[in-house]
Amino acid sequence: MVVLLALAGCEEPSSAPNLAPAAVLVAAAGPAHAAPAGAATPVAAPAPVEPAVAEPVLTLPPPLSEAQRAALLAGGDERIVSKREHFTVSNEYRHDLWFPYLRGLGGAYVGVASDQNYTLMAVARSEVGYLLDLDRQVVRLHRVYMALIAASPGADEFLARFDATAERETRALLVAGLSDMSERDRSEALRFVDDNRAALREYLGAVRGTRRGEQGVTWLSDPELYAYIRAMVAGGRLRPINGNLAGKTAMATIAASARALGLTVELLYLSNAEEYLSYTPDFVANVRGLPGAASSVVLRTIHDRFVGWESSGDGDRRWNYQVQPLLDFQSRLAERKNNARAAMLERATAEGTISRVARGVSVFKPGGG
């Protein structure tokens, strides 16, 4: 069978953390509404992007209440059926370069693409996660992973679900775990796993083996990160959602849901999606509509084929890992001259706003925009 896996950073075209009681995530009494497209969102002056403080003790998030779960799942998506290759694995290998800026951020997480989101959410100790992708197969794969994570106490047990000898047991777990999906989506998800079992096992095994020195730096190589993601799955804190960053429904749904939960979006992971889109009015309204805070950050990767954006070279010879305050990004999006990532970065570089803190790592300085 043809393996429908393609390495890619992400989809194509188109304060302290609060880990404790779910009671802090209070659903709004009245209906939540997304800001209308094009509506201006007041943006405060951007705060410094400083490395967040590490948390010494792992605290696992409890399950959401019924009201909170309803708020997480409220609103529609954008049923997009991709006809192209499915970018279901990541070729970004140094997410650990971002860790100092993420630890303990909490709040809501919004991210595109596949399982790299789990690493970032776990390091940030996110309280809920919205896993957005315009490729419906990626969204289905999140559901596959969630079903198998729920049934697997540790990373080794999770990996073993993709062994050829476990095919029958894994299929039974998926049939049960995906029972709420439409027959079509469930069938497509099961077929994808059947066709790509060996490739998924190989890729996830590489994720399992990713370390810096003796320390695991992925959700499969660090037991604490796996435990945190498993608790998020068990607690109903993840929502895979089919949609486009520049679409008319999914991002508005996410913004309204986060507000209903009383959360700010602390982490917006774009990968390299901005390579394939311009800052259209819908994209601008979607990003500016997200509830942010002074601590909120945007993460993006920039391919080193773009002049001036070197990769780290050590473990990843492809990507520059960038950090930008969300409020700064929202502010810059209000300026029509920033009509695409390249234009925004060119102006920010000319201003001296972007600091090269290490090879392959670029960070927006405070006070820019």
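Of note:
- Segment 174-200 and segment 89-125 have Cα centres separated by 25 Å.
- The loop-placed trypsin sites (Lys or Arg not before Pro) in segment 318-361, going by DSSP, that have at most 15 neighbouring Cβ atoms within 10 Å of their Cβ come out as ARG336, LYS337, ARG359.
- Alpha-carbon centroid distance for the pair segment 334-353 / segment 259-305, whole angstrom: 15
- Using all pairs of distinct alpha-carbon atoms, the Kirkwood hydrodynamic radius of segment 266-325 works out to 12.8 angstrom.
- DSSP bridge orientation in segment 197-354 - percent antiparallel, rounded to nearest 5: 70
- Listed values for segment 136-141 are Karplus-derived 3J(HN,Hα) couplings in whole Hz (6.51 cos²θ - 1.76 cosθ + 1.60, θ = phi - 60°), namely 5, 5, 5, 5, 4, 5, and x replaces Gly and Pro.
- Furthest towards positive pole of dipole, SER187, LEU268, ALA176, structure part segment 156-312, Cβ charges: LEU268
- Electrostatic bookkeeping for SER362 treats Lys and Arg as +1 and Asp and Glu as -1; over the other residues with beta carbon under 12 Å from its beta carbon, the sum is +2.
Bear in mind that the values in this text are calculations on the coordinates, not laboratory data. These figures come from a predicted structure and were not determined experimentally. Note: ideal-geometry Cβ built from the backbone for every residue, glycine included; neighbour counts use all protein chains shown.
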